[in-house]
1. Could you do me a favour and compute the accessible area per residue for the stretch 182-278, 1.4 Å probe, result in Å²?
2. Before anything else, pin down the relative contact order of the stretch 1-89: Cα pairs under 8 Å, at least 6 apart, normalised by residue count, whole percent.
3. Counting only helical runs of four or more DSSP H residues, what would the 222 nm mean residue ellipticity of the chain come to if each run contributes -39,500 (n - 2.57) and the total is spread over all its residues?
4. For the pair F161/L100, report the inter-label distance in nm, with labels modelled 7 Å from Cα in the Cβ direction.
5. Could I have the simple spin-label model distance between S215 and L297, label points 7 Å from Cα toward Cβ, reported in nm to one decimal?
6. When the Karplus curve 6.51 cos²θ - 1.76 cosθ + 1.60 is applied with θ = phi - 60°, which whole-Hz ³J(HN,Hα) does each residue of the stretch 161-166 get, with x for Gly and Pro?
7. Considering the chain as a Gaussian network with a 10 Å cut-off on Cα pairs, which listed residue, G226, G125, G159, attains the greatest mean-square fluctuation?
8. Taking R0 as 30 Å, what's the FRET efficiency between N243 and L177 from their Cβ-Cβ distance, rounded to 0.05?
Amino acid sequence: MRYLLRRLGHALFLLAGVSILAFVFTALAPGNYFDEMRLNPQIAPETVEALRAQYGFDKPLPVRYASWLNSVIHGEMGFSFGYNSPVAPLLLVRARNTLLLTITATLLAWAIALPLGVWSAERLGRLPDRLLSWGTAALLVIPDLALALGLLVLAVRSGWFPTGGMASVDFETLSPLSKLRDLGLHMILPVTALVLSSLPLLVRHVRAAVADVLSAPFLLAAVGHGIPRRTLLYRYALPAAANPLISLFGFSIGVLLSGSLLVEAVMSWPGLGPLLLEAILARDLYVVIGSVLVSTLLLIVGNFGMDLLLYWVDPRIRTGAGEK
């Protein structure tokens with residue numbers, strides 16, 4: 001319980017720090033939503049000033065932050081001027097779409113990286129291992145933006161996959177099975193971009209972790225007992241290398257989450273990425289802060305889950321936590 005409470009305290013401290021920094025940086029940025037309204041000749045200056053007073057923009061920054069915290073407690077997270085709505089309902093729908101994309105890409109990337117990494121570690125230093133290392137190195141140097149744009153151009157020219165959005169125009173008229181198929185087709189491009197961008201790092205870490213374990217004495221003894229190679233790799237070597245891979249799993253969620261914001265904006269996936277970009281361009285302050293905070297919260301939840309899993313599988317961590 002002390003271990004969990006300590007981790008939870010770190011998470012709350014991080015959330016508080018991110019909210020303060022996001023609020024300060026967005027407030028210090030030049031211009032705001034009402035400056036754009038002043039450029040509209042159809043809106044009187046008195047109206048703009050009245051709106052500024054209504055939403056508290058005429059008050060000091062600490063007072064505005066306290067007012068925003070109060071709205072967070074009440075489940076609103078501020079007010080979006082561009083959407084004329086509380087921020088929380090906007091973020092809830094977009095965060096669900098981002099999570100769908102990120103979780104799918106994470107599971108698929110690990111399902112590919114684990115067997116590839118184990119296969120490469122078994123052939124360490126030989127030609128297949130070198131070919132795989134060259135392939136992952138080539139993927140590693142391609143920027144995420146270039147990868148997403150390349151896939152988008154390929155889809156446009158081939159016509160094999162939908163090139164934007166999350167659903168077709170006639171989505172509501174489709175049967176449940178056809179809706180699932182349509183959603184899957186729209187997910188292929190963004191999920192492929194995320195998987196290809198994260199796969200080189202995952203394969204290399206799995207390869208390194210398993211290669212370190214393969215020379216362990218207990219595995220050499222298992223080889224002497226005639227245990228089949230496949231059983232040796234997946235029943236003994238991979239679990240023994242699990243600790244760094246579990247930590248990497250939590251880290252990969254954060255990497256894919258940050259990468260998904262860019263991929264979503266390029267491929268018009270209705271997640272947090274396009275919402276954040278639109279809010280920055282429109283200077284919609286509370287949407288920007290809310291998007292940053294929700295992204296941080298998702299990252300914290302992913303890492304907290306990995307901490308719990310690591311605590312469960314490694315008795316050394318439980319012993320160390322109990323001694324502190």
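The values are calculated or read from the model by the stated rules, or taken from the named source; none is laboratory data. Everything numeric here is computed off the predicted structure, so don't read it as measured data. When we count neighbours, we look across all protein chains shown, and the Cβ atoms used for this are built from the backbone with ideal geometry, even at glycine. When the accessible area is computed, the model is the full protein with side chains, heavy atoms only, and any ligands, DNA or RNA have been set aside. Shrake-Rupley method; radii C 1.70, N 1.55, O 1.52, S 1.80 Å.
1. Working: 4000 Å² over 97 residues.
For the stretch 182-278, the per-residue accessible area is 41 Å².
2. Values: 38 pairs, mean separation 13.2, N = 89.
Relative contact order, the stretch 1-89: 15 percent.
3. Values: 13 runs with 243 residues, N = 324.
Counting only the DSSP helices, I get -25500 deg cm²/dmol.
4. 1.6
5. 4.7
6. 10, x, 10, x, x, 10
7. Greatest mean-square fluctuation among the candidates belongs to G226.
8. Working: r = 41 Å, r/R0 = 1.38.
Result of the calculation: an efficiency of 0.15.
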